[in-house]
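One structure is given below, encoded as structure tokens.
Derivation of every value follows stated rules applied to the coordinates shown; laboratory data play no part. All values derive from a computational prediction rather than experimental measurement. When we count neighbours, we look across all protein chains shown, and the Cβ atoms used for this are built from the backbone with ideal geometry, even at glycine.
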């Protein structure tokens with residue numbers, strides 16, 4: 001869990017990967033991805049590092065939020 005403020009929670013997952021694929025191919029793949037979240041599709045962000053010996057590191061980040069004012073998990077009243 002990343003944070004929240006009484007009526008919502010925000011979740012983030014970051015994964016660091018290394019590939020020989022070009023960055024545009026990675027962008028195209030994740031641009032088409034539809035990952036269901038708690039109440040809507042997860043937002044996906046990509047961050048690319050500098051290539052080294054034909055290998056390119058990148059980070060893929062998945063962000064989701066969940067809105068429920070009654071959830072004690074998010075600091076709500078329930």
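Some observations on this one:
- Residue order for 62, 48, fewest other beta carbons within 10 angstrom first, comes to 48, 62.
- Modelled FRET efficiency - R0 35 Å, residue 29 with residue 53, Cβ distances, 0.05 increments: 0.95
- Principal axis dimensions, the stretch 7-70 - Cα atoms, whole angstrom, descending: 52, 19, 10
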